[in-house]
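Participant: Supplied in structure tokens, the structure appears directly below.
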Amino acid sequence: MATIIQPRVEILYPELSYQITGLCFKVQAELGRFAKEKQYCDRLELKLAEGNYRYVREFVISGTGNRVDFIVDDIILLEIKAIPFVGKDEYYQVQRYLQVLNLKLGMLINFQSKFLKPQRVINFNTRS
């Protein structure tokens, strides 16, 4: 009988990403599905502040002029959307931000989805 070797899967920052996901569920429950992106960011910022999380909002990536919606605890990038569907362009946007900032984990959150499902985006080119 052949032995099946399971690859070791490590979830990056499981506790913090779980907590952020919970905050996002609260934000969507309070504002619904059809608010504007800025409204979701404003409400999420309140939740992060109330929970005493360390975060930076609208972090400007030097040399590009691009702005990241949030960086939480200097380790998780949050990109907030309020669009009908998230596609590959949004995924690649987060991937580029992760690579430029040399972060390992990003979360792409579309509040307009019927069922909120934050997508974890792993930096496939981490230089650490």
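The values are calculated or read from the model by the stated rules, or taken from the named source; none is laboratory data. Quick caveat: nothing in here was measured; it's all calculated off a predicted structure. All Cβ positions, even for glycine, are placed from backbone atoms using ideal geometry, and neighbour counts span all protein chains on display. These area figures cover heavy atoms from the full protein model, side chains too; ligands, DNA and RNA do not enter into them. Shrake-Rupley method; radii C 1.70, N 1.55, O 1.52, S 1.80 Å.
Participant: If contacts are Cα pairs under 8 angstrom and at least 6 residues apart, what is the relative contact order of the stretch 54-126 in percent?
Facilitator: Details: 135 pairs, mean separation 18.8, N = 73.
In percent, rounded to a whole number, it is 26.
Participant: Right, next: What whole-number value in Å² describes the accessible area per residue of the stretch 77-128 for a 1.4 Å probe? Numbers along the way, then the final one.
Facilitator: Details: 2820 Å² over 52 residues.
So the stretch 77-128 comes to 54 Å² accessible per residue, rounded to a whole number.
Participant: For the chain, which longest stretch is free of loop sites, where a loop site is one of the chymotrypsin sites (Phe, Trp or Tyr not before Pro) that DSSP puts outside H, G, I, E and B and that has at most 11 other Cβ atoms within 10 Å?
Facilitator: With a cap of 11 other Cβ atoms within 10 Å, the longest stretch comes to 35-84.
Participant: Points 7 angstrom from Cα along the Cβ direction at Q119 and T64: gap in nanometres?
Facilitator: So the label points at Q119 and T64 sit 1.7 nm apart.
Participant: Just to be sure I follow: if Rg is taken over the C-alpha atoms of the chain and Rh is the Kirkwood radius over the same atoms, what is Rg/Rh? Please list the in-between numbers first.
Facilitator: Values: Rg = 15.7 Å, Rh = 15.4 Å.
Rounded to two decimals, Rg over Rh is 1.01.
Participant: Can I ask one more? Would you compute, from DSSP H runs of 4+ residues alone, the mean residue ellipticity of the chain at 222 nm, taking -39500 (n - 2.57) per run and dividing by the full residue count, rounded to the nearest 500? Don't jump to the answer; show the numbers that get you there.
Facilitator: Details: 3 runs with 46 residues, N = 128.
Mean residue ellipticity, 222 nm, calculated: -12000 deg cm²/dmol.
Participant: How many nm is it between the label spots at K88 and I75, if each spot is 7 Å from the Cα in line with the beta carbon?
Facilitator: It works out to 3.2 nm between the two label points.
Participant: May I pose another question? Taking the Cα centre of the stretch 54-128 as origin, sum charge times position over the Cβ atoms of Lys and Arg (+1) and Asp and Glu (-1), and report the length of that vector in debye to the nearest 20.
Facilitator: 180
Participant: Give the separation of the Cα centroids, the stretch 1-22 to the stretch 49-94, in Å.
Facilitator: Rounded to whole Å, the Cα centres lie 23 Å apart.
Participant: Can you give me the % of accessible surface on the stretch 11-128 that is carbon or sulfur? Probe 1.4 Å, all protein chains present, nothing else counted. All intermediate terms of the calculation are to be shown ahead of the outcome.
Facilitator: Details: 3570 of 6790 Å².
After summing per-atom areas, the C and S share lands at 53 percent.
Participant: Next up: Please turn the phi angles of the stretch 35-52 into ³J(HN,Hα) values with the Karplus equation 6.51 cos²θ - 1.76 cosθ + 1.60 (θ = phi - 60°), one per residue in order, whole Hz, x for glycine and proline.
Facilitator: Taking θ as phi minus 60°, the curve returns 7, 8, 4, 4, 5, 5, 5, 4, 5, 5, 4, 4, 5, 5, 5, 4, x, 6 Hz for the stretch 35-52.
Participant: Hey, another quick one. Say we join alpha carbon atoms closer than 10 Å with springs in a Gaussian network model of the chain; which of L98, L78, L31 then has the biggest fluctuation?
Facilitator: Highest fluctuation among the options: L31.
Participant: Could I have the simple spin-label model distance between T3 and K36, label points 7 Å from Cα toward Cβ, reported in nm to one decimal?
Facilitator: The modelled label-to-label distance comes out at 6.1 nm.
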